[in-house]
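Let me begin by presenting the structure, written as structure tokens, before commenting on it.
The values are calculated or read from the model by the stated rules, or taken from the named source; none is laboratory data. Since the model is a prediction, treat every value here as computed from it, not as a measurement. For neighbour counting, all protein chains shown are included, and Cβ atoms are generated from backbone atoms with ideal geometry for every residue, glycine included.
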Amino acid sequence: MTTRPDLATRLASIPLLEPLSDDTRKRLAMRADPVKVQRGALVVQHQEVSDDVYFVLSGELTAILISGRGREFALGEIKAGQYFGEIAAFSDGERSATIYARTDAELVRVPGKAFRTLVEEEPHVARTLIVDMVGRIRQLTQRSFELTAFKLADRLALFLLRAGLEAGVFEAGGELKPAPTHANIAARVGANREAVSRELSALGQQGVIATRRAAITFLDPEALLALARDADEA
């Protein structure tokens, strides 16, 4: 069981909170609750009313929106050291997205009121929060542009390039493992699973990548880079 002193110490692993004094983190820990979630668990649901802010100690989560017909659109991944829920904390308390756990995860839940007080009293937290929000707006603006301007093959090439670079495996023979499922990729590139499967097969036939269960191998990263570059220049 996580004790309050342990929780205060672990909060220091969150970049947003690391510069705080030990006393400030201890006070925050007194208002917070540790939360463990299992893979696939729903943490918050789009449009539900709640204003808690969550900090991720371990594991990975995904932010999504779901259409009335059940189609998912992935907004982004949330990893250890990051946080979510700040939009609801500073607006009307209505969740802007659904968040579910991609893996087992350890979270810290902070009431919206306690988080707002922290932001008001700690200029560093306020500045970092603004910078993070601006970064997310830029990312969402870029994705919105790509969904409008690029065809699926281009969006998929860009997705694979970014995934390979982020994982540090974008090289000949580099393996993205575990690779996202076709359904997950579809949610990230704004398509359906069947269309993504066809495009991945086409890249495989061209000798650009090889796919197998839960893995994607980069066979010809230069060719994939050229495809992504053509899309970006277009």
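Just for helices (runs of 4 or more DSSP H) wholly inside region 149-234: which have at least 3 residues that are on the phi < 0 side of the Ramachandran plot and under 21 Å from the mean Cα position of the chain (by Cα)? Explain how you work it out, then say what you get.
Numbers: elements: 152-167, 182-189, 193-205, 221-233.
Qualifying helices (runs of 4 or more DSSP H): 152-167, 182-189.
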Do the conditions hold for residue 179, that is, is it in contact (Cβ under 8 Å) with a residue 24 or more places away in the chain, farther than 30 Å from residue 18 by Cα and surrounded by fewer than 17 Cβ atoms within 10 Å (Cβ to Cβ)? no
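Each row is one residue, and each column tells you yes or no for (1) buried (at least 17 other Cβ atoms within 10 Å of the Cβ); (2) among the aromatic types (Phe, Trp, Tyr); (3) in contact (Cβ under 8 Å) with a residue 12 or more places away in the chain.
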site: 139; (1), (2), (3): no, no, yes
site: 187; (1), (2), (3): yes, no, yes
site: 201; (1), (2), (3): no, no, no
site: 210; (1), (2), (3): no, no, no
site: 215; (1), (2), (3): no, no, yes
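Per-residue answers, yes or no, for (1) in the same structural domain as residue 196 (by TED's automatic domain parsing); (2) modelled with pLDDT of 95 or more; (3) surrounded by 12 or more Cβ atoms within 10 Å (Cβ to Cβ); (4) of a type in the set (A, V, I, L, M):
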{"residue": "36", "(1), (2), (3), (4)": "no, yes, yes, no"}
{"residue": "45", "(1), (2), (3), (4)": "no, no, yes, no"}
{"residue": "54", "(1), (2), (3), (4)": "no, yes, yes, no"}
{"residue": "60", "(1), (2), (3), (4)": "no, no, yes, no"}
{"residue": "65", "(1), (2), (3), (4)": "no, no, yes, yes"}
{"residue": "71", "(1), (2), (3), (4)": "no, no, yes, no"}
{"residue": "74", "(1), (2), (3), (4)": "no, no, yes, yes"}
